[in-house]
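Okay, so here's the structure we're looking at.
The values are calculated or read from the model by the stated rules, or taken from the named source; none is laboratory data. Computed from a predicted model, the values in this text were never measured in an experiment. When we count neighbours, we look across all protein chains shown, and the Cβ atoms used for this are built from the backbone with ideal geometry, even at glycine.
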Amino acid sequence: MSTAALSAPIPPNKGAMSAAIMIAAPLVLLGVCLLSKFGIIVVPSGARGLIIAGLLISLFITGMPISIALGLSVLTFMFTMTDVPIVAVSLKLFTGIEKFEIMSIPFFILAGNFLTRGGVAKRMIYFATTLIGHWYGGLGLAGVVSCALFAAISGSSVATVVAIGSILLPAMVKAGYPKRFGAGVIATSGALGILFPPSINLVIYSVATSGMSVIGPDGRSVGSASIGQLFIAGIVPGICLATLLGAMTFYQAWKQDLPRMPKASWGERGRAFIDSFWGLFLIVIVIGGIYAGLFTPTEAAAMAAVYAFFVSVFVYKDLKLSEVPGVLLNSAAMSAMILYIVTNAVLFSFLMVSEQIPQSMAEWMSMQGFGIVTFLLICNLILLAAGNVMDPAAIVLIFAPILFPVAARLGVNPVHFGIMMAVNMEIGLCHPPVGLNLYVASGIAKMGISDLTMAVLPWLLTMIGFLIVITYWPGLTLFFPRLLGM
């Protein structure tokens, strides 16, 4: 090595500099809030929304858990820049999660965990394989169909990837499929859990927008979408997206000349259907029961949990009674995490309403001449950008109370807007850096995130194309609810 090279100046540590900036940003914003509290500086009302948004984003970047970052941002803003009494804050914390619909979230999570551990996934995979395993990329297509079916009974994308991927990915590699192909199929198809009923994220959207006083373009009050409406509306888009993902899987398999399985006989298909019937019947219980008026969505969630327990323990017998406490504890932990986020998001929504930020946004967009087309494009860009750093539940809880009033003001149907947000959340699960499906599939396939990101690219582009269609063709979303008189 030359003397010049040894004497060259050492470049600054970029990592330390970035860390310093990440720590300094929230501290600076906190200082601005405190200076405003003591009257040293005056913050214009128009800049308050930017301060809370900046504080929230800066805390996210530091790696702080979303629920804590959300709560700290809201409480800091409330106690330094508003005159909201502490009693009102504590009351809002309790009344915010007092809604009956929120009870459906723990029950759907419990049902999904029972089904994941109870042998339902492997029976659905076998059933799907007997139907289309002889086509090009048969195992891949069976993965798409299995993910769609399992998503329709579990309501969770991550649970779908774990249940289907852990069984199907090793089988695909053993059958001669490239690992990248299998991981790409499962990571993207697993996201169908957000769109197919009973989707937990659709429940969260309904809860986040319920009770809001929103005025439509004709001056009339606009109500939020009910859980039943959103469940029914998600069926047709879910089937369409599953079909598109299946078509991309078939094309990729045909182009690479991937293996095909022997064609199953009708007898084998019948036996596979009978074996998977108990799991598939849960779809009828949830959707059919809600539409028939036999029970509410929350009661349907409770029925689903009891039914999933019965099928997993006493019918398929793949889940032992000794394992049930572990499933209950895991479900309780997941439910507590989501409900904690909901609690803090309620405060955030209350703050947005008290500061009239959605109303100000609606008025500003009207003054700029933005119509529905431009507004929906902006919404998609915001939600896709948020998907880079946040999980779907947090995105819905934070952005739905802000964007929903503006959408209603411009004449966007609440049901259509909820499904559009759900498709955005699906895409967010499948791209880095916070795509949960990527991380789960990476662990199952033993692949790096960068390799997996390239593997999912064809299916990810398909999902983005579908997002454009679902955004500007509301009839696709509203067809089934209107047909059923909802």
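Observations, loosely collected:
- Evaluation of residue 28 against (1) modelled with pLDDT under 70; (2) part of a helix (DSSP H, G or I); (3) over 24 Å from residue 350 (Cβ atoms) (one fails), failing number: (1)
- Yes/no for residue 280 being buried (at least 16 other Cβ atoms within 10 Å of the Cβ), in the same structural domain as residue 120 (by TED's automatic domain parsing), at pLDDT 90 or above and not charged (D, E, K, R): no
- Some residue of segment 353-361 being crowded, with 21+ Cβ neighbours inside 10 Å, part of a helix (DSSP H, G or I) and at pLDDT below 75: yes
- One residue stands out among those in segment 198-211 that are among the hydroxyl-bearing types (Ser, Thr, Tyr) and part of a helix (DSSP H, G or I): the one that is modelled with the lowest pLDDT, which is 209.
- Given (1) at pLDDT 85 or above; (2) touching a Pro at 6+ places or on another chain (Cβ under 8 Å), number of the condition residue 402 does not satisfy: (1)
- Extreme residue, surrounded by the most Cβ atoms within 10 Å (Cβ to Cβ), among residues of segment 55-81 that are out of contact with any Leu (no Cβ under 8 Å at 6 or more places or on another chain) and more than 18 Å from residue 397 (Cα to Cα): 81
- Residue in segment 183-197 that is in a loop (DSSP other than H, G, I, E, B) and surrounded by fewer than 24 Cβ atoms within 10 Å (Cβ to Cβ) present: no
- Of the helices (runs of 4 or more DSSP H) entirely within segment 224-343, none holds at least 1 residues that are within 26 Å of residue 398 (Cα to Cα) and of a type in the set (D, E, K, R).
- Here 425, 421, 447 are screened, and the one residue that is out of contact with any strand residue (DSSP E or B) (no Cβ under 7 Å at 6 or more places or on another chain), modelled with pLDDT under 80 and among the hydrophobic types (A, V, I, L, M, F, W, C) is 447.
- In segment 131-144, the residues that are in contact with a helix residue (DSSP H, G or I) (Cβ under 9 Å, 6 or more places away or on another chain) and surrounded by fewer than 24 Cβ atoms within 10 Å (Cβ to Cβ): 131, 132, 133, 135, 136
- Within segment 450-478, the set of residues being of a type in the set (Phe, Trp, Tyr) and crowded, with 16+ Cβ neighbours inside 10 Å comprises 459, 466.
- Some residue of segment 198-218 being of a type in the set (Ser, Thr, Tyr), in contact with a Pro (Cβ under 7 Å, 6 or more places away or on another chain) and closer than 21 Å to residue 396 by Cβ: yes
- Among the residues making up segment 435-445, a single one is touching a residue at least 24 places away in the same chain (Cβ under 8 Å) and either touching a Lys or Arg at 6+ places or on another chain (Cβ under 9 Å) or surrounded by fewer than 18 Cβ atoms within 10 Å (Cβ to Cβ) (or both): 445.
- Selection status of residue 308, surrounded by 19 or more Cβ atoms within 10 Å (Cβ to Cβ) and at pLDDT below 90: yes
- Any hit, segment 158-177, residues being assigned to a helix (DSSP H, G or I), surrounded by fewer than 24 Cβ atoms within 10 Å (Cβ to Cβ) and under 14 Å from the mean Cα position of the chain (by Cα): yes
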